1. Would you mind getting me the FRET efficiency between A:A151 and B:R208? Use the beta-carbon distance for r and R0 = 56 Å, nearest 0.05.
2. With the Cα gyration tensor of segment A:2-332 giving a ≥ b ≥ c as the square roots of its eigenvalues, does the rule (a/c under 1.5 for rounded; else a/b larger than b/c for prolate; else oblate) give rounded, prolate or oblate?
3. With the cut-off at 1.5 for a/c, could you classify segment B:68-112 from its C-alpha gyration tensor as rounded, prolate or oblate?
4. Sum -39500 (n - 2.57) across every DSSP H segment of at least 4 residues in chain A, then divide by the residue count to get the 222 nm mean residue ellipticity, nearest 500.
5. With charges only on Cβ, +1 for K and R and -1 for D and E, what is the dipole size of segment A:338-409 about its Cα centre, in debye, rounded to 20?
6. Select from C:L243, C:L192, C:L178 the residue whose mean-square fluctuation is largest in a Gaussian network model of chain C (Cα-Cα springs shorter than 10 Å).
7. Quote the Stokes-Einstein diffusion coefficient, in whole µm² s⁻¹, for segment B:292-342, based on the Kirkwood radius over alpha carbon pairs, a temperature of 20 °C and a viscosity of 1.002 mPa s.
8. With the dipole of the protein assembly as shown worked out from charges on the C-beta (+1 for Lys and Arg, -1 for Asp and Glu) around the Cα centre, which of C:A89, A:H144, B:L218 lies farthest toward the positive end?
Amino acid sequence: MLRIAICSDLHIGDQAREFDLRPGGAPSYAGQTGYLEYFRRCIDENAISADILVVSGDITDKAQPSQFDHAMNVIAQLADTLKVQRDCVFVIPGNHDLNWDVAELAIQKKEPFWQKFRFAPFINGLSSFDGTVTRASKLADPPHFFLANNALADMWCFNSAAYDLPETKPHHGRIREADRQELKSALEAAYGGAPKEKFRLFVTHHHPRPQPDLYKDWPDFSGMVNGESLMDLLTAYQFDVILHGHKHKAWCRSENVAGQNPIAIWCSGSFSLSLGPLYAGSVGNVWHLMELHGLSEAENAYGVVHSWAFAPGQGWLPSRPVHHAIDHVTPFGKVADRAAIKQLMRTEIKTALKSKSLISWEDVCAESSGLLKYQSGSVVWGILEELKTDLELRPHGDQDSLDKLYISRRKDAA
Amino acid sequence: MSPVMEMWPTFSSPFENDNAKYLNPSDIARTFIATEDFWRLFSEKNHVIFGTRGSGKTALGRMVSHDHLALLNHPKADQYIEDKRYIGIYAPARLNWVSGLRSQLLLQAGSERDYFILRFNFVVARAFLVSLRSCLERYVTPESRPDAEYALVKSVLNVWSGSVPPPMDIYTLKGLGKEIAACDFRLQRWTTRSFYRNDELAISPFDRELLTTFGTNLVEPITVLRDVAQESLDLPEYTKYILAIDEMEFLSEEHQVILNGLLRADTPGFVFKFITAPYCHYSLATETNAPLIEGNDYENVYIDHGRYLDAHTRNELQQEFGRPISFQIALFLKRATASGITVTSDTLGGLLGASEVLEPLPVNQETIRAFRPKVLNHANHKTITRFEELWTRLFRSHNAKEQRETVRKISDEVVRKIKPAIVLREKIAGLAGAKKGTAYSGLNMVLACTESNPRVLIRTLNMLFPNLSQAVHARSIVSQIAQDESLSTLSQRFLDNALAVPEVGPDLHRMIKALGEHFRSKLHMGRVGTDTVGSIEVTESDGDILRLIKQAVAWGFMYPHFKDEKRDVLPTTSGEFRLAYILAPHFQLLPRRGRPIRPSTVFPQISLRF
Amino acid sequence: MRRLLHVSDLDLGVALGTAYDIGLFASGYETRANSLATRFSLEQFAEPLVFGFKESNAVPQRQRNDEFYRNKWSIEPEILSAEAPGAIAGALQGKVNTGADEVRIFLDISSMSRSWYADAINWARFSPGPSRIILDFGYQSGIYPDVYPSRTVAETTTLSGFEGQSDVRLQTVAIMGLGYDPVTPHAVLEDLQPDLKYAFLARGTSPAALALALSLNKATLDEIDGDVVILPLMSIQEAYRSLGEMSLPHAGIRNVVFVPLGPKPHVLASLLVAAKNEEITCLHVKGSHVAFTDVLPAFEVTACSVVFEADNCESQ
């Protein structure tokens, strides 16, 4: 099993929510403190540890050197609390990590020299993590990605904010076609023709697909330019997970393309930004722990994600879908089309009901493929509604939780 | 299990939680101490149960409900559950619920009476469904349970909403309860919207059916639910449904008058228990002009008048701990044991030590000789005279038996009665500057000050033992200073709460302060006798004072004195009342009743606004 | 129906330069009651509305405040009870151009009864008419006497329209806003007996103010779960965000009860969170002080802008 802690969009600086997230005495009327202490308590109380820490962009608010220093300090504390080794910390720049003053100079002077220094504070800040300066430099220069790997996973990290500029509105990301071609070559060299043995993760800041916002009638223009092509590429090379930030409302979906393996796209939300007027009262600060349990027979990763949201005075509490947009436990990865899941449920339920008149969902999930164990409550209940007439079933339980789901056969059935 | 589904708070100390409201059912059952008063509730009679703040009313009410009683380890409980003799239902009139009843906006939609009946019916129906779930778990085999539950749900929906189906399939009683609560909330929101939009209430057909069912007659939805339950669960004819309505003190007099009808009318299969604070059953009137008659329509139960363990509990505790155990010690033992801490009947005494003030002196001549100077220093003329008379008799007697008798007499008539006052006076007089007190310490003192009020006792223990396990393991006595400080702090806070009693807070606070300071001056200044003042006697002519005292009793600042065995009848037009003993540390008094005074002794000096 | 879109702090200077469709002011017995009004010019308000409390009619400072509106604005304050559900909404509905796409209203809550601005919020949520309503709230902080008279509690009710959910079989979470009255919060907790209790306090305008509030409320704070949350006094946006976050984990699975007993900006923030999440109950502890005590205007002023927008679709 591989455990990945995901904390994104820290926005260290004036917009971070608490004193200990603002570099050296930056004025604030927010007034709260102890944010990292609450994080430590959450980790201790839940006995959590992780193998990898991912911080998918916008680690600072205005890309000032002092903010990067402080951000790295905060990230180091997060890593220590989670017991993550320094070289297993992956920090990707976001659009806020681009130094706009330098970017302006680059535009005015029209010299490649300044272009390089837009990410200088980011690179310098990352020097506190062993071995990451090289990685950071790769993010700054074309093709703006690097690969890090261990026995279990390949982490491909890409800087989607490389070409962001102060006047770019909204600050959508981009993967240039030239960079995408380079990525394709690298992927071919790494994976071309070989069987899949490890998890494949892609970490970036911007979302490659449009993402819904707080209200359905709000359009999303801030996604990655050329994201479609990137998705085609990642799908073709059997990637399992895309981790990104940028949007401050956590979100997840599974992308299933016919004939390809599914990819879980996970938006981390924001760990510590003081969320602005639009999100306040509706969305909270969140962090996640992704567990990758294994590769299925179809060679795609499956697992669960646990998510927590912050409540002042109370600390980190299990997140809730209604208000934090993401449930505390989200399974992913074992994807099949609805018909296949329905057929499997039909078979397993009928089999289980042969020996018992009342079965639990756990009984149904005991099937060998493990497919059903990784389905969400909404999928399961939806299919049960369809099956109950056909199989003369009676489901019992709360639709909030599969733990309390029981199924019996209707006695009044003819 | 989803971590957010049923999250009960967790407590680091067995005494951190002083309220039965937030113990989960098995915890409350495990720590519940069954008293005689509790079992009185299981009868065919209606009851009005009075108990002051923190007296254990809510625990009592919750334990009556079937889901809690089924968890109680007691032969009577087992028998009632097994025989299906009683099915208890617990419905609290919580403050946040009652506050909504007073909403001017929601009342615009209809009459206050109709609105109350509608909301009340929703509450009791929801509560009844919880008890029915418990019945299902007890009386139906696991294999048959899902179908039985579904059939029950269908039958209930049939009588409540007729042929109109709910917005989605409901399979469980829990789901049905949630839908009821959701309907209640929807109606409330629609009323609000209609008010501001000034348009018609647009509600779903299902909600309209429920509105009709729940808005017509008081408790009718649960009487039909009872009929369904009887049939579906095959319950015997003799099964009695006990509806316990808690926190009735928050309801208005008008609301209570409506509910009084339940005590008067015969609702087949049901008996009713009103749980409220003393003097907070505001009226005996009913809507039919014929008032309730105590003894006929209902009986009172006053749970503050001593806590008598029932025989089984008494014997069990005695067997377990090797000696008779009082209610308070039992409370400590149960809480500690439930938290996994190994304790004995001596543990609390071992942690608190003896009370220098309250511990009786040995009965012998040497002790009396040593005590004599204190008597001469502190006692009044009458007491000294009596003491000297007996003292002289002692030394004139040469008969050993007569001497022993005299020693006993001196001890009983003088020393035992006056010793606590003298020791307290000396300790208080010895406090100078920043010197810390020690008077309010020791097991007997802690138990006396907390009386048998569970909440006060538990709060005190929580303050004294933030980590009981550590304290027990270390076997160290909590210092007298720490004990005194804790009791004094709690005492001060308790008094401060008087300010916030609605309408009369400042007056109540002033009255208690005046009484306390008067008793203090009598105890600490001048000389004392064997019967120091410590209570107040009021008659009907003291109208306003009596009214204020009743408020004090309702809120736990004062207690009535029962002169005879009618322990469930609160004095109404006259009586003797004393301060709650938890106030003793603040006023530097003894936790004892004391001789009564008349109001005129104290109150001409202050003016009361009420 | 309109959804509460966002709450953001507003520079008073911006408000002073804005043309409003309606201005809503309260003439109270405190000197600061019309302090904000003196900064505006009447011409900014197409429809100015001034209400005076029935309860403080005879207080001399109140009469002086009435004089201001009478002489400078030529408006006679309309007498209204402090508790009058629907009255403010009715007045607003009477003045608003229901055919407009957007209306902008300024409300001075410095000395305004919470029932009034609660009514205004409900009106913005539910009334027919413009698709967008912007309520700009202004608050003048005050200088309180060293000894503020104690309060007699009359009854505990809910603010109209903010009754919330009270499912008796669910646990209750109380989120208490504390101020300089140490007794009422404790008494409310004793009555409510919530399963979980949290508290928040205003940072105040000085460390001494915060220290005083913490000290006065020690008895209550000793009993709460979690840590007390210190919120800025003069940022309603921040208070709104934090109170939303405090209630989000519990909304829908427990009864969430706000008991805002602190300063008005926090009362407003509490109401706005409850407007956004209808399950939340806002308790209203009614009471009276022994005497009317004057409050002078302090230096600090805060304002916030609350946008309500027609709810054409569901949230995610």
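Please treat every number below as a calculation from the coordinates, not as lab data. All values derive from a computational prediction rather than experimental measurement. FYI the Cβ positions are ideal-geometry reconstructions off the backbone, even for glycines, and counts take in every protein chain you see.
1. Numbers: r = 64 Å, r/R0 = 1.14.
The pair A:A151/B:R208 has a calculated efficiency of 0.30.
2. Values: a/c = 1.40, a/b = 1.08, b/c = 1.30.
It comes out rounded by the Cα gyration axes.
3. Details: a/c = 8.14, a/b = 3.46, b/c = 2.35.
In terms of gyration-tensor shape, prolate.
4. After summing the helix terms and dividing by the residues of chain A, the value is -9000 deg cm²/dmol.
5. Numbers: 11 positive and 11 negative charges, 52 e Å.
Roughly 240 debye, rounded to the nearest 20.
6. Of the options given, C:L192 has the highest mean-square fluctuation.
7. Values: Rh = 13.1 Å.
So the translational diffusion coefficient is about 163 µm²/s.
8. Farthest along the dipole direction, towards plus: B:L218.
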